[in-house]
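Worksheet: one structure, shown below.
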Amino acid sequence: MVIFCLEAFKDAVIAGAHIVELDVWLSRDGKVIVHHDKDFSRMCGAEFSQLISETDYSAFPSIVPPVYQNERCNLFPKVEVHTIPLLSDVLSVIPPHVAVIIEFKQNSTKLIELVKHIVVQFNRQENIYWFSLDEKINRQLRHADTNIPSITSVPNMMKTLLLYYTGLLPYFDLDDAVFGITVDEVQPLIGMYITRNSF
């Protein structure tokens, strides 16, 4: 379970993280929100199924940490553990030497513009990476600021792998500064392999 609260980022810094990753969304009233899912149900309770993009920030519900994290969460101020943070709040607690990867899951030109503005406001252009697994959004990011490195989308992951395995990679320019590959499906694939090859 991914919990994006302010204390989670502070904790990562204290633990010595060199880089942190977060997801951004735009609330109905134009706030840049740090949250993993498009709605609140997984983090705040099943009854909160409204979309972030259709909710004003002042009406956001509180995060309800899972029981197994209660002991750790009790070490931090409740307001910071239970509040869904703004991108500006998160950047304010991450030191300049810690790099930040920003993932966009919402296709919004306004969101991209606001994130870029906040990144410049905090003078973080030197150690920010941004991307989306959706190539349509990634194209917008590359166009919005060529100085902020982008990470490959899913289609570009597949394209790069295909070019590599066919020996054609040296003859093509790559769109993104960083090659990344999602590993979300590794565990199910391993399980399928073991099942199919068991005696």
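Values in this text are rule-based calculations from the coordinates and carry no lab data. These numbers come from a predicted model, not from an experiment. So basically every Cβ, Gly included, is an ideal-geometry build from the backbone, and we count neighbours across all protein chains shown.
The table that follows gives values for the structure above.
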read-out	value
For segment 36-89 and segment 94-138, distance of Cα centres in Å	21 Å
Charge dipole of the chain about the Cα centre (unit charges at C-beta), most positive-ward option of Phe131, Val20, Tyr68	Phe131
Computed label-point distance, nm, for sites Phe48 and His97 using a 7 Å Cα→Cβ extension	3.5 nm
Sequence of Phe104, Phe60, Phe172, Phe76 once ranked by neighbouring C-beta atoms within 10 Å, starting from the fewest	Phe172, Phe76, Phe60, Phe104
Relative exposure of Thr160, Thr83, judged by other C-beta atoms within 10 Å (fewest first)	Thr83, Thr160
Helical mean residue ellipticity (222 nm; -39500 (n - 2.57) per DSSP H run of 4+; nearest 500) of the chain	-10500 deg cm²/dmol
Members of Lys116/Lys136; Lys31/Lys110; Lys78/Lys105; Lys38/Lys78; Lys110/Lys159; Lys10/Lys136 lying beyond 21 Å, as alpha-carbon distances in this model show	Lys78/Lys105; Lys38/Lys78; Lys110/Lys159; Lys10/Lys136
Chain lengthening between Gln69 and His18 when straightened (0.36 nm per residue, less Cα-Cα)	16.0 nm
Dipole moment magnitude, nearest 20 debye, the chain about Cα centre, only Lys, Arg, Asp, Glu C-beta charged	120 debye
Cβ-based charge dipole, the chain, positive-most Cα from Ile33, Thr55, Gln106	Gln106
Per-residue Cβ neighbour rank within 10 angstrom, fewest leading, Ser150, Ser41	Ser41, Ser150
